[in-house]
Amino acid sequence: MDTHSPPPRPPACPPASASPTSACTPVPPPTGSAAAPPHVHLAAGELYLPLTGRGAAQFLTPAGPQQIELRAGCPVQFTPGTLHRLITTDDRLELLVLMENGRLNEEGDVVFTFPPENLADPQAYFRLAEATDESAVLRRRDRAVEGFTLLNRLWQDDPEAGRRALATFYAAAVALIQPRAAGWTDVFAKGPGFALRTMADRISALADGESAHLAEAAVTALAPFDENNLTPRACGWLWSYHAP
């Protein structure tokens, strides 16, 4: 009789490298290749699933700064209000990013961590935030890293001052997106809301012994990824696809 040894267990996922009240590893200079645009979502949660390579994610919440190493097979989930940024290294990091928002991110559920002077004036903020070319994307990134660094340094010097600064940032973020938020109800209703209602209808039909929806079973091959057709958007370069 053949015997087979079990497959090797994957390495344990790394823990957070900072306690809630301690400071993150210093943020690289804004012009460094590792600098990504820190930001926050106000309505949607997010999940990182690293596929290959290594990197790190830095977070800031009312509990304090936190840094988590990212490596293949070790997902990291975070809720709305978590300021976050990715740190890459020479070991190219590839992520599958899952968001619960159904396009809310592209409809405005993202606020970059610019310094306070860039948050106070909505027109100035959106001129900087709505980048349309690579140079504008880099300017946006650099200002967001600058503001994120400032918030982290406040925590290093005085956690209570850091909490106050974060609360002030939250208030400014809500003020910036409030005019847009009213339209998100419709975006949600046509996206995740529609999917939830459809699923509820299917479950109800099955509970009644009905199977009509099964006759609509179909497979669709979507358009392949095209790296020459990327658009600069809120969290980087966006590739959009449309499912039926």
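The values are calculated or read from the model by the stated rules, or taken from the named source; none is laboratory data. Note that the structure is predicted; figures quoted are calculated from it, not measured. Virtual Cβ from ideal backbone geometry, glycine too; neighbours counted across all protein chains shown. Accessible surface is based on the protein model in full, side chains and every heavy atom, while ligands, DNA and RNA are left aside. Shrake-Rupley method; radii C 1.70, N 1.55, O 1.52, S 1.80 Å.
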message = Could you give each residue of the stretch 140-147 its phi-based ³J(HN,Hα) in whole Hz, using Karplus coefficients 6.51, -1.76, 1.60 with θ = phi - 60°, and x for Gly or Pro?
response = 4, 4, 5, 5, 5, 5, 4, x
request  = Tally up the carbon and sulfur contribution to the accessible surface of the stretch 30-157 as a whole percent, 1.4 Å probe, everything protein left in place.
outcome  = 52 percent
The stretch 173-197 residues near the modelled Ser204 label - backbone nitrogen below 15 Å, point 7 Å along Cα→Cβ = 194-197
remark   = Taking every C-alpha to C-alpha distance in the stretch 136-231 and binning by 10 Å from 0, the per-bin percentages run 11, 18, 23, 21, 16, 9, 1
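For the stretch 153-208, with every protein chain kept in place, what is the accessible area per residue (1.4 Å probe, Å²)?
I get 66 Å² per residue for the stretch 153-208.
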task = Can you tell me the order of 70-76, 54-60 when each peptide is scored by its average per-residue count of other Cβ atoms within 10 angstrom, highest first?
result = 54-60, 70-76
task = Mind computing the radius of gyration and Dmax over the alpha-carbon atoms of the stretch 84-208? Å is fine for both.
result = 18.9, 62
key: Cα centroid of the stretch 192-225 to Cα centroid of the stretch 117-171, whole Å   = 42 Å
task = Could you tell me which trypsin sites (Lys or Arg not before Pro) in the stretch 97-142 are loop residues by DSSP with no more than 16 other beta carbons within 10 angstrom of their beta carbon?
result = Arg103
